[in-house]
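Okay, so here's the structure we're looking at.
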Amino acid sequence: MKEVTIYTDGACSGNPGPGGYGVILRFGSISKELWGGEPDTTNNRMEMTAVIRGLQALREPCKVRLYSDSKYVIDAVTKGWAEGWKKRGWVKSDKKPALNSDLWEMILQLLKIHQVDLFWVKGHAGHTENERVDHLAVAGSRRARELGRAFDAVVGKDEEI
């Protein structure tokens with residue numbers, strides 16, 4: 001099974017507002033960058049979208065080390081919150097609706113395909129890959145605002161991972 005490292009980040013200008021995501025995928029000497037955005041979204045949705053796009057880019061089941069600066073994403077998966085929300089019909093333990101159930105469904109499905117270990121990294125703290133995916137996410141937010149529509153893109157050559 002391939003061992004892949006993924007770095008993800010999301011950004012939003014206003015919350016809600018135009019948002020973007022950035023992803024770096026690494027497998028051996030291959031590195032691939034993804035970015036995109038939506039004209040009207042939230043920061044949490046972009047953080048989740050980055051994770052989804054990163055895992056969707058894998059062409060076969062992989063062992064993944066995924067790094068994110070989003071406590072929302074990391075905690076919801078590692079502490080079992082998202083699975084609990086799903087079991088309760090997308091209702092949190094405080095009886096309020098769980099937000100972003102559409103994206104959580106996709107993440108939970110992708111986690112069944114890949115063996116994923118999630119790691120939290122402090123944002124804006126000089127972590128090289130986190131700074132790069134932040135740059136891609138901010139650029140995605142700006143581009144989505146300019147385009148007035150959602151988009152997804154690859155930086156450079158689209159190598160298979």
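Just so you know, all these numbers are worked out from the coordinates, no wet-lab data involved. Computed from a prediction, not measured in an experiment: that's the story for all the values here. Positions of Cβ are backbone-derived with ideal geometry, glycine not excepted, and every protein chain shown enters the neighbour counts.
Here are some notes:
- Zone of residue 86's modelled label, taken as backbone nitrogen in the range 1-30 under 11 Å from a point 7 Å along Cα→Cβ: none
- Pairs of lysine residues in the chain that meet both criteria, 8 or more places apart or on different chains and Cα atoms under 12 Å apart, total 5.
- 3J(HN,Hα) from dihedral phi, the range 57-73, Karplus parametrisation 6.51/-1.76/1.60, rounded to Hz, x for glycine, proline: 6, 7, 7, 8, x, 9, 8, 10, 10, 10, 10, 9, 9, 9, 4, 4, 5
- Summarising the strand pairing of the range 24-161, around 60 percent of its internal DSSP beta bridges are antiparallel.
- Backbone N under 19 Å from the residue 119 label point (7 Å along Cα→Cβ), restricted to the range 1-16: 2-10
- Net charge dipole, the chain: roughly 460 debye, given to the nearest 20, about the Cα centre with Cβ charges of +1 for Lys and Arg and -1 for Asp and Glu.
- Mean separation of Cα contacts under 8 Å, 6 or more apart, over the residue count of the range 1-108: relative contact order %: 27 percent
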